[in-house]
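Chemist: Structure incoming, see below.
Nothing in this text is a laboratory measurement; each read-out follows from the coordinates by a stated rule. Model, not experiment: these values are computed from the prediction. We place every Cβ from the backbone using ideal geometry, glycine too, and count neighbours over all the protein chains shown.
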């Protein structure tokens, strides 16, 4: 009988995908939690399952040294994240355990939210709703909101996309559907990466030419603070900034100064330098800022997608094929050598 590796799934996971995996694996689903604690924590009660698990699929649960100590049979870990921030990568590498990720799992819904935030920001959706709910629309001036919340349309405007990866590509597609011209800043892409749909351009040109700039650059040491005071000063006074990617891409002090002095028309944020956003944050005082509480990836579709990606990767792993999305492939190769 062919050996059937045992998978312990602690992530939120699509039951249909789990059932399909049962043709080659023994799959055990346990209730997902949102506390981000170690799988070895006593209150999880998973010692027996970990003892026999050959694969762990986790999203928020932490796979740390304590977890690995309880899982002597472990041969692979799947982190249902683009980056395996919930996994002790060094500890897994030292044990020869590949850590598989699920890149792009939330790209589609993140682009949806990013574009929704863009539209809400440009068309003052949140500010106008607050104004309406507060009872400000009266017969004394029935046309007041028409003047107060006047803004621009998207057709014929230029969208500047910072980062041409999974989300950035989808933002290009959405923008083109609204008749926008698109400039993309991504130094790792060739000039013809988007064909006629968008033009790759230097950062300064994107910042100075775009009517709306949207941030989708991955956060790494090289990109932290990529958009600072100099870059923000290049933006047109009529332009908007939208960030549903990573807050730290934009230098906080410089951004707050620009917003405080209203040197751009407005901004929309789904990500913040401190989360949850403190109740006394100055951002709440800016009428030209639209905010959502880091919900870009809040969709059941993300669970279905990371389940699909994880299952495909594990089938490749079981077959001895090259597995995409392995976070510690180089370290494992060096160790094997």
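Chemist: Could you give me D for region 174-236, from Stokes-Einstein at 37 °C and 0.692 mPa s, where the hydrodynamic radius is the Kirkwood radius over C-alpha pairs? Units µm² s⁻¹, please.
Modeler: D = 259 µm²/s.
Chemist: Please arrange 151, 79 by how many other C-beta atoms lie within 10 Å of their C-beta, fewest to most.
Modeler: Exposure proxy ranking, most exposed first: 151, 79.
Chemist: Can you compute the equivalent ellipsoid semi-axes for region 248-337, i.e. the square root of 5 times each eigenvalue of the Cα gyration tensor, sorted largest first and rounded to whole Å?
Modeler: 42, 18, 10
Chemist: Label points 7 Å out from Cα along the Cβ direction at residue 2 and residue 108: separation in nm?
Modeler: Spacing of the two 7 Å Cα→Cβ label points: 2.9 nm.
Chemist: Can you tell me what percent of all Cα-Cα pairs in region 214-278 are more than 16 Å apart?
Modeler: For region 214-278, the fraction of Cα-Cα distances above 16 Å is 41 percent.
Chemist: How large is the direction-averaged shadow of the alpha-carbon convex hull of region 77-210, in nm²?
Modeler: 12.0 nm²
Chemist: Any idea how far the Cα center of region 189-229 sits from the one of region 94-142, in Å?
Modeler: 20 Å
Chemist: Further question: Any chance you could run the full-extension gain for residue 33 through residue 90? It's 0.36 nm times the residue separation minus the Cα-Cα distance, nm to one decimal.
Modeler: Once the chain is fully extended between residue 33 and residue 90, it gains 18.1 nm.
Chemist: Further question on the same structure: Which residue, 133, 308, 44, has the most motion in a Gaussian network model of the chain that connects Cα atoms within less than 10 Å?
Modeler: Checking each option, the largest mean-square fluctuation is seen for 133.
Chemist: Let me ask something else. Can you give the helix-only mean residue ellipticity at 222 nm for the chain, where every DSSP H stretch with n ≥ 4 adds -39500 (n - 2.57) and the sum goes over all residues, rounded to the nearest 500 deg cm²/dmol?
Modeler: About -9500 deg cm²/dmol.
Chemist: I'd like the distance between the alpha-carbon centres of region 35-51 and region 230-278, rounded to an integer number of Å.
Modeler: After rounding, the separation between the Cα centres reads 40 Å.
Chemist: Sticking with this structure for a sec: So how long is each side of region 74-134 along the principal axes, counting just the alpha-carbon atoms, biggest first, in Å?
Modeler: 59, 21, 14
Chemist: Something else: Dividing the Cα convex hull volume of region 191-324 by residue count, how many Å³ per residue is that?
Modeler: 164 Å³
Chemist: Report the residue, chosen from 246, 130, 105, that carries the largest GNM mean-square fluctuation when the chain is represented by alpha-carbon nodes joined by springs under 10 Å.
Modeler: 130
Chemist: Please express the Cα-Cα pair-distance distribution P(r) of region 107-291 as a list of whole percents, one per 10 Å bin, running from 0 to the bin with the greatest distance.
Modeler: Values per bin, smallest distances first: 9, 38, 35, 14, 4, 0.
Chemist: Taking only Cα atoms, what is the 0 to 90° angle, nearest 10, from helix 107-122's long axis to the longest principal axis of the chain?
Modeler: Approximately 20 degrees, to the nearest ten.
Chemist: Here's another thing I want to ask about it. Considering every Cα-Cα pair within the chain, what fraction, in whole percent, is farther apart than 28 Å?
Modeler: 51 percent
Chemist: Relative to the longest principal axis of the chain, what angle (0 to 90°, nearest 10) does the C-alpha long axis of helix 166-177 take?
Modeler: 40 degrees
Chemist: Counting other beta carbons within 10 Å of each Cβ, put 295, 212, 57 in order, fewest first.
Modeler: Result, fewest neighbours first: 295, 212, 57.
Chemist: Here is a follow-up. Distance in nm between label sites at residue 285 and residue 197, each 7 Å beyond Cα in the beta-carbon direction?
Modeler: Distance between the two pseudo-spin positions: 4.3 nm.
Chemist: Report the FRET efficiency, 1/(1 + (r/R0)^6), for residue 230 and residue 315, where r is their Cβ-Cβ distance and R0 is 45 Å, rounded to 0.05.
Modeler: So the FRET efficiency works out to roughly 0.40.
Chemist: Convex hull over the alpha-carbon atoms of region 25-147: what's its volume per residue in Å³?
Modeler: Each residue corresponds to 156 Å³ of Cα convex hull volume.
Chemist: Would you mind telling me which residue in 48, 244, 111 has the biggest mean-square fluctuation in a Gaussian network model of the chain, where springs connect alpha carbons within a distance under 10 angstrom?
Modeler: Residue with maximal mean-square fluctuation among 48, 244, 111: 48.
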